[in-house]
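Here the structure comes first, spelled out in structure tokens, and everything after it is commentary.
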Amino acid sequence: MSEATQIVAIDGPAGAGKSTVARRVAQQLGFAFLDTGAMYRAATWRALKHAVDLDDPQTLAASTEAMNLVIEETPEGQRVLVDDEDVTQAIRTPEVTRLIFKLDQNSAVRRTLVELQRRFGERQPTVAEGRDIGTVVFPKAKCKIYLDASLECRTRRRADDLEKAGRPVDLDRLRDEIHERDEKSRNRADSPLRRADDALLVDTSDLSIDQVVTTLERLARERL
Ligand code: DC
């Protein structure tokens, strides 16, 4: 099988359900799962840890290049290690989430992470999810899916996750933050979030996770 036949590329905005769904589709297909958002989060966490000036593009790029990143899927869930330190929880804090745009707009940072992502996909059949998977990382993927959902629905889902994690939620603020992140992802110069011309649109607003997983698994089997 060539590289192009072994990739399921899933893109979409925050809160469309990409990670949960992509992980389960990967399990169903027996493919590896690649959470590229976790990579941008890890790079951001490392820059904060080393007190890198987030407005200095060269130092940010060097910090990302120097990062020793390990992402493992374990029976207990995903485990993320940066330079041998377990940062699984730390990369999900609001501070990291708020500051990722400083790195995800940086072309040198993106080049480093995209290279790692391509190498991962070349090694094994992969379900990869992010913002630029079908457009930039694996443009030849045979199965591309763009997952979307209304802003209201994505806000509700994110609020549920935060509540489950015991974090306080201000719905209006959360909605504004998600909207702002959408705008930043869609309007950045390098690799903006957009649906690839050959990606199938799946609106998850009125679907359960099981329904989305079943739909994507069927699409993947048809196309690969
Ligand atoms: O999916 P997530 O919320 O974990 O992603 C975190 C951030 O990383 C998101 O705000 C945009 C960025 N990102 C990106 O620019 N390109 C990707 N392929 C994945 C994520």
Would you compute, from DSSP H runs of 4+ residues alone, the mean residue ellipticity of the chain at 222 nm, taking -39500 (n - 2.57) per run and dividing by the full residue count, rounded to the nearest 500? -16000 deg cm²/dmol
State the extension gain, in nm to one decimal, for the chain segment bounded by Glu222 and Gln124, taking 0.36 nm per residue of separation less the distance between their alpha-carbons. 33.4 nm
Less than 26 Å apart at the alpha-carbon level, and either on another chain or at least 8 residues along: which lysines does that give for Lys49? Lys102, Lys184
Residue-wise HN-Hα coupling along the stretch 169-185, computed from phi with Karplus coefficients 6.51, -1.76, 1.60 (Hz; x: Gly, Pro): 10, 10, 4, 5, 5, 4, 4, 4, 5, 5, 4, 5, 5, 4, 4, 5, 5
Under Karplus coefficients 6.51, -1.76 and 1.60, residue-wise ³J(HN,Hα) of the stretch 26-37 in Hz, glycine/proline x: 4, 4, 4, 8, x, 9, 6, 10, 10, 9, 6, x
With an 8 Å Cα cut-off and a minimum separation of 6 or more residues, compute the relative contact order for the stretch 105-198 in percent. 38 percent
I want the local charge near Thr44. Using Cβ-Cβ distances under 10 Å, sum +1 for each Lys or Arg and -1 for each Asp or Glu among the other residues. +3
Please give the charge dipole size of the chain, origin at the Cα centre, charges +1 on K and R Cβ atoms and -1 on D and E Cβ atoms. Round to the nearest 20 debye. 460 debye
Shape verdict for the stretch 1-141, please, from the Cα gyration tensor: rounded (a/c under 1.5), prolate (a/b greater than b/c) or oblate. prolate
Residues with amide H under 5 Å of Ile145's amide H, sequence separation 5 or more or different chain, H placed in the peptide plane at 1.01 Å from N; which? Ala9, Ile10, Asp11, Leu200
Suppose each label sits 7 Å from its Cα in the direction of the beta carbon; what would the Arg194-Gln27 distance come out to in nanometres? 3.6 nm
Along the Cα→Cβ direction, 7 angstrom out, place labels at Asp210 and Val169. What is the inter-label distance in nm? 2.2 nm
Asp160 to Thr59: FRET efficiency via 1/(1 + (r/R0)^6), r the Cβ-Cβ distance, R0 30 Å, to the nearest 0.05? 0.20
With the cut-off at 1.5 for a/c, could you classify the stretch 148-203 from its C-alpha gyration tensor as rounded, prolate or oblate? prolate
Expressed as a whole-number percentage, the relative contact order of the chain with C-alpha contacts under 8 angstrom and at least six residues apart is 34 percent
Which whole-angstrom value gives the distance between the alpha carbon centres of the stretch 103-155 and the stretch 185-224? 11 Å
Under 5 Å, built H, 5+ apart or other chain: amide partners of Asp203: Asp148
Can you run phi through the Karplus equation (6.51, -1.76, 1.60; θ = phi - 60°) for the stretch 8-18 and list ³J(HN,Hα) in whole Hz, with x for Gly and Pro? 9, 9, 10, 10, x, x, 4, x, 7, x, 4
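All of the numbers you see were taken from the coordinates with simple rules; none came from a lab. Just so it is clear, the structure is predicted and the values come from calculations on it, not from any experiment. Every residue, glycine as well, gets a Cβ built from its backbone with ideal geometry; the counts of neighbours run over all protein chains shown.
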